[in-house]
Amino acid sequence: MAIENDILTIITAATPLLLAAQGQLVAERSGVLNLGVEGMMVMGAVAGFAVANLTGSLSLGIAAAILAGVMMSLIFGFLTLSLRANQVATGLALTLLGLGLSGLIGESFVGMPGERMPQLDIPYLTDIPVIGKIIFGQDVLVYLSLAMTIIIIWFLFRTRAGLILRAVGDNHHSAHALGYHVITVRYLAVMFGGAMSGLAGAYLSLAYTPSWTENMTSGRGWIALALVVFASWLPLRLLAGAYLFGAVTILGFVAQGYGIGIPAQLLASLPYLVTIAALVVISGNRNLMRANTPACLGQPFVPDR
Amino acid sequence: MIRLEKRQERSATMALLSPVIAVALMLVTGGIIFAMRGLDPIAALAVYFVEPLMSVWSLQELVVKAAPLVLIGAGLAISYTANVWNIGAEGQLTMGAVAGAALPLLFPDWQSPLALFLMLMCGIAGGMIWGGIPALLKNRFNANEILTSLMLVYVAQFILDYMVRGPWRDPQGLNFPKSMNFAGWYILPSLEASRLHLGAIFAIIVAVALGLLMAKTLKGYEIRVLGQAPRAGQFAGFSRKRIVTFCFLLTGGLAGLAGICEVAGPIGHLQPSISPGYGFTAIIVAFLARLNPLGTLVSGVVLAISYLGGEAAQISLGVSDKIARVFQGILLFYILACDTLILYRIRRVGAAHGH
C-alpha cells in the first residue's frame, strides 16, 4: 500500500525531530537556550552506533547515546550556568565540538553494517491492513516519543516541579527570591535536553538508517530547535508540528514517485526551506510569541546578591 | 567551593590574557588527547602546531587558509558585538562563489581587468543577497536569525551542488561534478609560483578597516551600544533593524568575497565542496579575537594552523585530520570559559567569608 508506506516514512522522519525537540522544549521552559542540539544529537548517534556495534546490544547502544547526550549537555551547563558564559556562543561551540568529535570517534565505524531496532509485532493486530503496521508495528522509540508528549504535558502543567521549572524560566529573580534553586533546576532541565537529543541521535543511527556516516544528523538538531519555536513552547503543538514536518519533507519524494521532475537537490533542500517558512509564519504572530515564550530565555542568572 | 564574584570593572589584564590562557589550555588538552592515543604528547604537539610554521611552503599555505578566516571572522566580530547572530557565513561564502563564478563560466572569452573586478563584485553581491534574507526575515517577521541563516547554509550547498552537476558541469570534465576551469583574468593574481593570492591582501585591508570602523566612527559606537544596551541605544535614536541589516549585509558580503576568492584562487573551478567549513571556523576566529576585528588577523592565523596541523598530524602521526575540528571546538569552549575571568573574579568560598 502506497499510503501505508508514506505514513510509515512520515513517522520515521518525525520521530528524531520530536524526541530532540521535546528535550529542548523542557530546557527552554526553564530559560535555557541550548543551540548545541545538533552536537548532542550527533554524539548520541555515534555513541549509540559504536556501543551497539561493539557489544551487540541495542539497549546498551541506546543507553550510551543518552549518556553521550547528557555528558555534552553538562559541558554546556557548566559553561553557561556555572561560568555564566553566553548561551548562544556556547551552544554553537557544543555543535562544532560534537560534529568534530563524532567524526573522529566514528571514523572506524563508517561503512559498517548496523542492526535495525526491532519493531513491535503483535499477533493479529500488526496484520490489520493499512493501520495495523502503523499503530502496532513501530519500534520502542516511536512509542516513547508519543508517551513523552503526555508525560511532558503532565509534568509541566500538572506537577509542582513543573510549575517551579516554568517559574524559573519566566522570572528567575522571583523564583530565586522564593527560595528555589534556579541553577539546579536549569542543570536538570539541560540534562534532560541532552538525554533526549542523545536518544534522537540513537534513533537516527539505530533505526532510521542503521549505520554511521559523518554529520548524519544533517541539520536535524537545528530543525528541532525551530520546531520548539514553531510549537510556541507547547508540547501538543510540538507533536503536531513534528508530524506535519515529517509529512512535508516526504511530500517531495511522493511527488517524484508520480514522475514529477524535480531536481534531487531541491527535494533535499525542502526540509530547510519548510523550516524557514514555518519560522516566518509563526514568528510574525507576535501575540502567540508573547504568550508562551519563556521570559528569561537565554538570559544568564546572576543573583542580585 | 568556588564562587564567582563580579568585578567592579572589567579586567583589562584578563581581556588580553584570556585568549592566551584559552590557547594554552587547548594545547594541554591536545597533549592529553595525543597521549591517550599512545603518542608522545610533546612531539605530537610539535608536529601539529610548530611544524606548519617551519617551511616557506607551509607558511604560504597558512596565509592562504587564514585569508578567508580573517575576511569572514572580522565581519562576524562586528556582528556578534551588535548581538546579531549570523551563523550562516558558510552559506554566504557558497553563494558568493556561485554568483561570482557566473562570469568566468558564462563569458570565459571576455578577458579584461574589468572582468576580474566584476567577478569579485558578483561574489560580494551573492553573499550579501544570501545574508540579506535572514536580515529581512528578522526585521519583517521577527524570525530567529540564528536558525534561518543556518538553514540557508544547507540550501546554498544544494544550489552549488545542482549547478556543478547540472548547468555548469564541464563537458570535458570526464563526468566529474566540476565546472570548467577559470582562466586568464578570472584567476586571482597571485605571487610568483605560489598559491598566495590577492585574498590575503583583502583580508588585511578588511580587518584594519573594520577595526577603524569600530574604534573611530559613530557606526562603531552605535553597534556597541545596541549590542550591550539595546534600550539605551533605542533612546539614542539608533535603529535595531538598521543594524541587523547592516551586519548581515556586511558579513554576507565578506563571506561572499571569501568564497569567490577561494574558487578563483586556490581551487580554480567550482566543485561540490569548496570550503572545509571556513564559515563555521570563522565563528571561533571572531571569539578568539574577543570580537575585535583587528584581532582576527592573529586569531585567523591560529585557526589556520589548526587546519594545517591536522594535515601534518595525518601524514606524520597517522592521526585522522578530523582531530582539527575537535581542537577547534575545544578551543572555543576554553575561550568562552576564560572570558568569564574578565567580568568575574574566582573566589574560594570556605573558611574565610567576606572581603
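Taking a sphere under 13 Å around the Cβ of A:Pro210 and counting the other residues whose Cβ falls inside, with K and R at +1 and D and E at -1, yields a net charge of -1. Take each residue in A:29-36, count the other chain C-beta atoms within 10 Å of its C-beta, and the mean is 1.
Each of B:Glu311, B:Glu192, A:Glu4, A:Glu28 has its accessible area taken with a 1.4 Å probe; listed largest first, they run B:Glu192, B:Glu311, A:Glu4, A:Glu28.
With springs connecting C-alpha atoms under 10 Å apart, model chain B as a Gaussian network and identify which of B:Ala258, B:Ala209, B:Ala286 has the largest mean-square fluctuation. Top of the fluctuation ranking is B:Ala209.
Probing with 1.4 Å while keeping every protein chain in the model, the per residue accessible area of chain B equals 44 Å².
Which entries in the list B:Lys65/B:Lys322; B:Lys216/B:Lys241; B:Lys65/B:Lys241; B:Lys138/B:Lys219 go over 26 Å, if you measure between the two C-alpha atoms of each? Intermediate values should be presented prior to the final figure.
Numbers: B:Lys65/B:Lys322 16 Å; B:Lys216/B:Lys241 22 Å; B:Lys65/B:Lys241 33 Å; B:Lys138/B:Lys219 21 Å.
Check vs 26 Å cut-off fails for B:Lys65/B:Lys241.
Between the residues B:Ala101, B:Ile346, B:Leu249, the greatest Cα displacement towards the positive end of the dipole of the stretch B:2-348, with unit charges on the Cβ of Lys, Arg, Asp and Glu, is found for B:Ile346. Between the Cα long axis of helix A:264-283 and the first principal axis of chain A there is an angle of about 30°, rounded to the nearest 10. Against the main long axis of the alpha-carbon atoms of chain B, helix B:240-262 sits at an angle near 50°. The mean number of partner chain beta-carbon atoms within 10 angstrom of a residue's beta-carbon across peptide A:276-288 is 4. Across chain B, C-alpha contacts under 8 Å between residues 6 or more apart give a mean separation that, scaled by the residue count, equals a relative contact order of 36 percent. Ranking A:Phe301, B:Phe158 from most to least accessible surface, computed with a 1.4 Å probe over the protein chains only, gives B:Phe158, A:Phe301. By the gyration tensor of its Cα atoms, with a ≥ b ≥ c the square roots of the eigenvalues, what is the shape of the protein assembly as shown: rounded for a/c under 1.5, prolate for a/b over b/c, or oblate? It comes out rounded by the Cα gyration axes. For the stretch B:319-339, state which residues have at least 50 Å² less accessible area in the presence of all protein chains than in their chain by itself, taking the probe as 1.4 Å and leaving out ligands, DNA and RNA. At a threshold of 50 Å² (probe 1.4 Å), the residues of the stretch B:319-339 that become less exposed are B:Lys322, B:Arg325, B:Val326, B:Phe333, B:Leu336. When the helices of the protein assembly as shown are scored as -39500 (n - 2.57) per DSSP H run of n ≥ 4 and the total is divided over every residue, the value at 222 nm lands at -23000 deg cm²/dmol.
The portion of the accessible surface of chain B made up by carbon and sulfur, rounded to a whole percent, is 66 (1.4 Å probe; DNA, RNA and ligands excluded). The GNM of chain A, with springs linking C-alpha atoms under 10 angstrom apart, assigns the highest mean-square fluctuation among A:Gly48, A:Gly69, A:Gly100 to A:Gly100.
With a/c under 1.5 counting as rounded, go ahead and sort chain B into rounded, prolate or oblate using the C-alpha gyration tensor (a ≥ b ≥ c being the square roots of the eigenvalues; past the cut-off, prolate if a/b is larger than b/c, else oblate). Judged from the Cα gyration tensor, chain B comes out oblate (a/c at least 1.5, b/c at or above a/b).
Taking all protein chains as they are arranged and a probe of 1.4 Å, the heavy atoms of B:Asp161 leave approximately 30 Å² accessible to solvent. The modelled label-to-label distance between A:Leu60 and A:Asn285, using points 7 Å beyond Cα along the C-beta direction, is 4.8 nm. Residue ranking by accessible heavy-atom surface, 1.4 Å probe, largest first, among B:Asp321, B:Asp40, A:Asp121 comes out as A:Asp121, B:Asp40, B:Asp321. Summarising the label geometry, the points placed 7 Å from Cα in the beta-carbon direction at A:Thr126 and B:Ala215 lie 7.0 nm from one another. Is the stretch B:41-199 rounded, prolate or oblate when judged by the Cα gyration tensor, a ≥ b ≥ c being the square roots of its eigenvalues, rounded requiring a/c under 1.5 and prolate requiring a/b larger than b/c? In terms of gyration-tensor shape, oblate. Accessible area per residue was computed with a 1.4 Å probe on protein heavy atoms; A:Lys133 scores about 70 Å².
Tell me the per residue accessible area of the stretch A:99-177 using a 1.4 Å probe; a whole number in Å² is fine. Intermediate values should be presented prior to the final figure.
Numbers: 4460 Å² over 79 residues.
Spelled out: the 1.4 Å probe surface of the stretch A:99-177, per residue, equals 56 Å².
Please give the net charge around A:Ala226, taking every other residue with its beta carbon less than 15 angstrom from that of A:Ala226, where Lys and Arg add +1 and Asp and Glu add -1. Counting the neighbours of A:Ala226, the net charge comes to 0.
Let me test this: with uniform point scatterers at the alpha carbons of chain A, what is the Debye-based log₁₀ I(q)/I(0) at q = 0.09, 0.10, 0.11 1/Å? Calculated log10 I(q)/I(0) at the listed q: -0.45, -0.55, -0.66. For the stretch A:143-265, the carbon plus sulfur part of the accessible surface works out to 72%, probe radius 1.4 Å.
Output the relative contact order of the stretch A:32-98, whole-number percent, from Cα pairs under 8 angstrom with separation of 6+ residues. Don't skip to the end; give the middle numbers.
On the way: 87 pairs, mean separation 33.1, N = 67.
Relative CO of the stretch A:32-98 lands at 49 percent.
Take every pair of alpha-carbon atoms less than 8 Å apart whose residues are at least six positions apart; their mean separation over the length of chain A yields a relative contact order of 36 percent. Between the beta carbons of B:Leu114 and A:Glu214, assuming R0 = 45 Å, the FRET efficiency works out to 0.60 to the nearest 0.05. Which of the residues in the stretch B:150-167 lose at least 50 Å² of accessible area when you go from the chain alone to all protein chains together (probe 1.4 Å)? When all protein chains are present, B:Met151, B:Tyr154, B:Val155, B:Phe158, B:Tyr162 each give up 50 Å² or more of accessible surface. Amide H to amide H, with H built 1.01 Å from N, B:Tyr344 comes under 5 Å of B:Arg7, counting only residues 5 or more places away or on other chains. GNM on chain B, alpha-carbon springs under 10 angstrom: the most fluctuating residue among B:Asn83, B:Asn175, B:Asn144 is B:Asn175. Interface size, chains B and A: roughly 3800 Å² of accessible area buried, both sides included, 1.4 Å probe, rounded to the nearest 100. In the context of the full protein assembly, A:Arg116 retains an accessible surface of approximately 130 Å², using a probe radius of 1.4 Å and ignoring ligands and nucleic acids.
The values are calculated or read from the model by the stated rules, or taken from the named source; none is laboratory data. Since the structure is predicted, the reported quantities are computational estimates derived from the model, not experimental observations. Cβ atoms come from the backbone with ideal geometry, glycine included; neighbour counts cover every protein chain shown. Protein only, heavy atoms only, side chains kept; ligands, DNA and RNA dropped before computing areas. Shrake-Rupley method; radii C 1.70, N 1.55, O 1.52, S 1.80 Å.
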